[in-house]
Each structure stands twice: as C-alpha cells, then as structure tokens.
1. Return only the number of the condition from (1) farther than 24 Å from residue 16 by Cα; (2) crowded, with 20+ Cβ neighbours inside 10 Å; (3) under 14 Å from the mean Cα position of the chain (by Cα) that residue 117 does not satisfy.
2. Only residues in region 125-150 that are without any contact (Cβ under 8 Å) to a residue 24 or more places away in the chain and at negative phi count as the first member; pair them with residues that are surrounded by 14 or more Cβ atoms within 10 Å (Cβ to Cβ) and part of a loop (DSSP other than H, G, I, E, B), Cβ under 7 angstrom, at least 6 apart or cross-chain, and list the lot.
3. Can you pull out the residues in region 8-28 that are over 30 Å from residue 88 (Cβ atoms) and surrounded by 10 or more Cβ atoms within 10 Å (Cβ to Cβ)?
4. Checking the structure you have, find out if any residue of region 56-63 is surrounded by fewer than 13 Cβ atoms within 10 Å (Cβ to Cβ), out of contact with any helix residue (DSSP H, G or I) (no Cβ under 7 Å at 6 or more places or on another chain) and modelled with pLDDT under 95.
5. Given the options 99, 5, name the one that is farther than 20 Å from residue 130 by Cβ and either surrounded by 21 or more Cβ atoms within 10 Å (Cβ to Cβ) or modelled with pLDDT under 95 (or both).
6. Would region 75-83 turn up any residue that is over 9 Å from the mean Cα position of the chain (by Cα), within 19 Å of residue 126 (Cα to Cα), part of a loop (DSSP other than H, G, I, E, B) and in contact (Cβ under 8 Å) with a residue 12 or more places away in the chain?
7. Look at residue 78 and say whether it is exposed (fewer than 14 other Cβ atoms within 10 Å of the Cβ), on the phi > 0 side of the Ramachandran plot and modelled with pLDDT under 95.
8. Any residue in region 108-124 that's modelled with pLDDT of 95 or more: show its pairings with residues that are assigned to a loop (DSSP other than H, G, I, E, B) and crowded, with 20+ Cβ neighbours inside 10 Å at Cβ separation under 6 Å, as long as the two are six or more apart or on different chains.
C-alpha cells in the first residue's frame, strides 16, 4: 500500500490490510477503514473490518455482522455505513452502521433496491447509494437512493 505524507509530499510503502477483492474503503479522523470483500469467488465473502492509523499500522475491529462482497461504505456522524453487496443467494439489501466511538455494529433499514458494486457517499445527513448491479455478477442499474440516518 502506498501512503502520501502531505506535509513532506513524499510517498512511502507500508503493509496493506488482509488481501482481498470487492472490498469497501472509507476514511474518518485521519484513519482508513477497510471492510468486507472476498478472496475470489462469490462464495468466499469476508466480514473483516480493519483500520489503518498512520504510525500505528493496521488492526482489526469487530467484524461486519454479515459477510459481503461488493459492498460500499461511507462515514456519517461517526458511523461507518456499509450498504449492499452480493453473496451466492443473490444481492444484499441489508445496511449496517459501525459506531466508531462505541466499537459496535447496528442494523439500519434495508436498501429499497438490493444491489452490489455500489458507489456510496455521505452528504449532509444522508448516505447516498448510487448505481450497482441488481443481480450477482455483471449487471448494472440506474438506482440512486438516499438513506437518512437517525
């Protein structure tokens, strides 16, 4: 993994998280969070949540309640929101939030349109889940849904 030191404008190489694909990445408070993903096929989904803190390296946090590949993530109000994904049974509509300060997961309302490979961004008081496939494998959609967090 490459890290850019913004003060010195220099790149350096550091060890990365547990190797995997179809993972989600987000950042908060100067830390990088990597969650879920898979080892290869759709039947190898992981529930890992790892955090990178500069100068301290990587460590594991409580796992995502449900393994998922192709999930998206964003941070809003001190919570990491993981939306969607795919598994052998189909696309995933469940949404979970990880409270960074309390180190615990909670279940939120499901996505109206379950899908994987989504773009996720937080803006204002909402998390937006954009596009993604509605069936496992290569598929696309024009879905754009906003999740209001309580």
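1. With (1) farther than 24 Å from residue 16 by Cα; (2) crowded, with 20+ Cβ neighbours inside 10 Å; (3) under 14 Å from the mean Cα position of the chain (by Cα) applied to residue 117, the lone miss is (1).
2. Close Cβ pairs (under 7 Å, with a partner that is surrounded by 14 or more Cβ atoms within 10 Å (Cβ to Cβ) and part of a loop (DSSP other than H, G, I, E, B)) amount to 130/118; 140/131; 142/131.
3. 12, 14, 27, 28
4. yes
5. Criteria check complete, one pass: 5.
6. Checked against the condition, which is being over 9 Å from the mean Cα position of the chain (by Cα), within 19 Å of residue 126 (Cα to Cα), part of a loop (DSSP other than H, G, I, E, B) and in contact (Cβ under 8 Å) with a residue 12 or more places away in the chain, region 75-83 yields at least one hit.
7. When the stated conditions are applied, residue 78 does not pass them.
8. Note: pairs meeting the criteria are 115/132; 116/70; 116/132; 117/70; 117/132; 118/132.
The values are calculated or read from the model by the stated rules, or taken from the named source; none is laboratory data. From a predicted model like this one, the values you see are computed outputs, not experimental measurements. Every residue, glycine as well, gets a Cβ built from its backbone with ideal geometry; the counts of neighbours run over all protein chains shown.
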